[in-house]
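*Asks:* Could you have a look at this structure, given as C-alpha cells, before my questions?
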Amino acid sequence: MTVLDHAVFYLTGIPGMEDAHVWFSIPICFMYLTSILGNSVILFIIKTDPTLHKPMYIFLSMLAITDLGLSISTMPTTLDIFWFNSREISHDACFAQLSFIHLLTFTESSVLLSMAFDRFLAICNPLRYESILTTPRIAKMGLVSVLRGVALMFPFPILLKQYQYCQGNTLSHSYCLHQEVMTMACSDIRVNIIYGFFVTLTSLGVDLLLILLSYVMIFKTVFSIASHKKRLKALNTCVSHVCVVLIFYTPEISLSVIYRFVKNSSPLVQIVMGNVYLLVPPLMNPIVYTVKTKPIRARIIRVFIK
C-alpha cells in the first residue's frame, strides 16, 4: 500500500456553518482589532508617561507585546478562512506559525511569573523593591523569557519536518498547533508526545506553581498586616495580575489536557477552547489592567479627552 504524504494542511473555521462564516468574521475581526488597539494603547501610555516607567508597568508592557504577537500570529489565517474560505496552508508556513504561537505562549508564561515576582517584592519586601528590580535587571528578565521560549520551541518544527503526513490533512482550528499537527503524522510521534508533555510541565506547569507559591507568601504577609485598609490596598494591587493569570492558564491547560488525555473529545469543544486560548487573553488583558489600574485608566482618559 502506497503512503500518501500530504503536501498541505487544511485549516478549519466552524464545521457545518461555512455559509455563515462571513457573519462569524464580524465578532472575530472586532476581537482582533480590539486586542491590537488595546495592547497598543497600553504600550503608548507606558512609553509616553515617565511616571509609569516603573517595574510593574514595564512588565505590563512586555505582556502587551507578547499579546500583540499572539494576535498577529493567528489573525491572517483565521480571517482568510472566514472572509475568503482560504483554508490551505503549506507545511512550512504551518510549522512557522505554530513556532511563533508556542514561542509567544512560553514567553507570556515567563512574563506572568516575572509579574508575580514583582508583586511579591512590592508586598513582602518593599524596602528592597527598587534596589532589586532595576531597569537593567528587568531587561535581562525579559531577554531570558524570550530565550527560554526560543529554546523550548525550537525542537517542534525540526521534529515535525522529519515526518510524513498521511493520517489526514484537515486541522480542527483556523491556525496550527503542535498538539494537533503531530497527530497528522503517520510516523512514530512518541518523541513529540513526550517532549511536548515535558515542555508543558516544566514551563507552564512550573511557572504556574511558582506563581501560586508567590501568592501563598503574599497572602501570608498581607494577612499579618494589622490595618484592614492597608490589607485591602495591598490585595487590590494583585487583583489584575490574578485575573490575567486565570485568563491565560485556564484555557491553555484545558486544551493540553483535552489533546493528551481525553479520547474522542467533541471537535466543537476543541475548536471553542482553541479560540478561547489564543483570542481571549490578548483581548482581556488590556481591559483588565485598564479597569483595575488607576494610573493607566486616568492617563487614557486624559489622552482621549484632549
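*Asks:* Would you mind calculating the gained length between L232 and V276 on full extension (0.36 nm times residue separation, minus the Cα-Cα distance), in nm to one decimal?
*Replies:* Here the segment from L232 to V276 would lengthen by 12.7 nm.
*Asks:* Another question about this same structure. Under a 1.4 Å probe, what is the accessible area of region 162-306 per residue, stated in Å²?
*Replies:* On the way: 7600 Å² over 145 residues.
Counting only protein heavy atoms, the per-residue value for region 162-306 is 52 Å².
*Asks:* Per residue, how much accessible area does region 1-88 have with a 1.4 Å probe, in Å²? Walk me through the numbers on the way to the answer.
*Replies:* On the way: 4710 Å² over 88 residues.
Averaged over the residues of region 1-88, the accessible area is 53 Å².
*Asks:* Let me ask something else about it. Which label marks the calculated value of Cα extents along the principal axes in Å, given the options [x] 70, 48, 35; [y] 75, 44, 33; [z] 66, 45, 34?
*Replies:* Checking each listed value against the structure points to [y].
*Asks:* Sort by residue number and name the cysteines in the chain that have no neighbouring cysteine Cβ under 4.7 Å.
*Replies:* C29, C124, C238, C243, each lacking another Cys Cβ under 4.7 Å.
*Asks:* If we count every other residue with Cβ under 12 angstrom of T74's Cβ, Lys/Arg +1 and Asp/Glu -1, where does the sum land? Don't skip to the answer; put the middle values down first.
*Replies:* Working: positive: none; negative: D67, D80.
Neighbourhood net charge equals -2.
*Asks:* Share of Cα-Cα pairs in region 61-198 beyond 26 Å, in percent? Can you show the working numbers first?
*Replies:* Values: 3552 of 9453 pairs.
Across region 61-198, Cα pairs with separations above 26 Å total 38 percent.
*Asks:* How fast does region 129-200 diffuse by Stokes-Einstein, in µm²/s, taking the Kirkwood radius from C-alpha pairs at 10 °C and 1.306 mPa s? Walk me through the numbers on the way to the answer.
*Replies:* Values: Rh = 14.6 Å.
Estimated via Stokes-Einstein, D reaches 109 µm²/s.
*Asks:* Still on this structure: Describe numerically, in nm with one decimal, the distance between label points set 7 Å from Cα along Cα→Cβ at V269 and at W23.
*Replies:* 2.7 nm
*Asks:* Here is a further query. Lys and Arg at +1, Asp and Glu at -1: add these up for the other residues within a Cβ distance under 15 Å of P155 and post the number. Provide the component values of the computation, followed by the final result.
*Replies:* Working: positive: R148, K161, R190; negative: none.
That works out to +3.
*Asks:* With a cut-off of 8 Å between alpha carbons and a minimum separation of six or more residues, what is the relative contact order of region 56-134 in percent?
*Replies:* Numbers: 36 pairs, mean separation 33.3, N = 79.
Relative contact order, region 56-134: 42 percent.
*Asks:* Given a Förster radius of 51 Å and the C-beta distance between C186 and T34 as r, what FRET efficiency does 1/(1 + (r/R0)^6) yield to the nearest 0.05? Spell out each step's value before the answer.
*Replies:* Numbers: r = 41 Å, r/R0 = 0.80.
The value I calculate is 0.80.
*Asks:* Something else: Determine the share of region 144-289's accessible area contributed by carbon and sulfur atoms, expressed in whole percent, with a 1.4 angstrom probe. Write down the numbers at each step before the final one.
*Replies:* Details: 5300 of 7180 Å².
On region 144-289, the fraction of accessible area on carbon and sulfur atoms equals 74 percent.
*Asks:* Give the carbon-plus-sulfur fraction of the accessible surface of region 1-111 in %, rounded to a whole number; probe 1.4 Å, heavy atoms of protein chains only. Show your work: numbers first, answer last.
*Replies:* Numbers: 3780 of 5260 Å².
Reported share for carbon and sulfur atoms: 72 percent.
*Asks:* Quick one: ranking H241, H228, H91 by accessible area, 1.4 Å probe, largest first, what do you get? It would help to have the intermediate numbers written out before the result.
*Replies:* Details: H241 5, H228 115, H91 30 Å².
Most to least solvent-accessible, the answer reads H228, H91, H241.
The values are calculated or read from the model by the stated rules, or taken from the named source; none is laboratory data. Note that the structure is predicted; figures quoted are calculated from it, not measured. Backbone-built Cβ (ideal geometry, glycine too); neighbour counts: all protein chains shown. Surface areas here come from the heavy atoms of the whole protein model, side chains and all, with no ligands, DNA or RNA. Shrake-Rupley method; radii C 1.70, N 1.55, O 1.52, S 1.80 Å.
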